[in-house]
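Report on the structure given below.
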Amino acid sequence: AEHHKASEAVAIEAQQKFRAGNAADAALLYAKAAELEQQALAVLDAGKTRTRGITAVSAVSLWYKAAAYERAEQLAHTALADPALAEFARADLRNLVQAIWTETTKKAALERHSDE
């Protein structure tokens, strides 16, 4: 609960920075919030499948918002490998992986275009 509460507070701060137009600081704060949420996930009891699902989706979403696509994708796949993962979380994580792939593809295309 401690890590989750800290993650929520940092994520709110990140959202405020983003709304104020400070995307760089927001991304750093989203990454910090993601790290805290991932720590919360690591200490959750395996029997709390609903809470584990919600926390996994939250952590992946925060890594995504931080534009840390590789970390987001790795965590999503780790969570999806858990056979006890709740179905709602499985669907949300699959959607997030799709969004990550889309953003990664866009980023790669922009980098190729700028090299030309």
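Take region 65-112 and flag every residue that is of a type in the set (Val, Ile, Thr), under 11 Å from the mean Cα position of the chain (by Cα) and over 20 Å from Lys32 (Cβ atoms). Within region 65-112, Val97 is the sole residue that qualifies. For Gly21, indicate whether it is without any contact (Cβ under 8 Å) to a residue 12 or more places away in the chain and either farther than 24 Å from Lys106 by Cα or outside any helix (DSSP H, G or I) (or both). Answer is yes for this residue.
Look at region 57-116 and say how many of its residues are part of a helix (DSSP H, G or I) and open to solvent by 70 Å² or more (accessible area, probe 1.4 Å).
The first filter runs over region 57-116 and keeps only residues part of a helix (DSSP H, G or I), leaving 57-65, 69-80, 87-115.
Still in the list and also open to solvent by 70 Å² or more (accessible area, probe 1.4 Å): 65, 70-71, 74, 77-78, 87-88, 94-95, 98, 101, 105-107, 110-115.
Residues meeting the conditions: 21.
Considering region 38-56 alone, what residues qualify as being surrounded by 15 or more Cβ atoms within 10 Å (Cβ to Cβ) and assigned to a helix (DSSP H, G or I)? Even if it seems obvious, please write down each step before you answer.
Our first condition is that a residue be surrounded by 15 or more Cβ atoms within 10 Å (Cβ to Cβ); within region 38-56, this holds for 38-41, 44, 49, 51-56.
Across region 38-56, the qualifying residues are Gln38, Gln39, Ala40, Leu41, Thr49, Thr51, Arg52, Gly53, Ile54, Thr55, Ala56.
Between Leu96, Leu44, the distinction of being out of contact with any strand residue (DSSP E or B) (no Cβ under 7 Å at 6 or more places or on another chain), of a type outside the set (Lys, Arg), closer than 26 Å to Ala9 by Cβ and at pLDDT below 95 belongs to Leu44 only.
The values are calculated or read from the model by the stated rules, or taken from the named source; none is laboratory data. Keep in mind that what you see is a predicted model, and the values were worked out from it rather than measured. Glycine also receives a Cβ, built like all others from the backbone with ideal geometry; neighbour counts cover every protein chain displayed. With ligands, DNA and RNA removed, areas are computed over all heavy atoms of the protein, side chains included. Shrake-Rupley method; radii C 1.70, N 1.55, O 1.52, S 1.80 Å.
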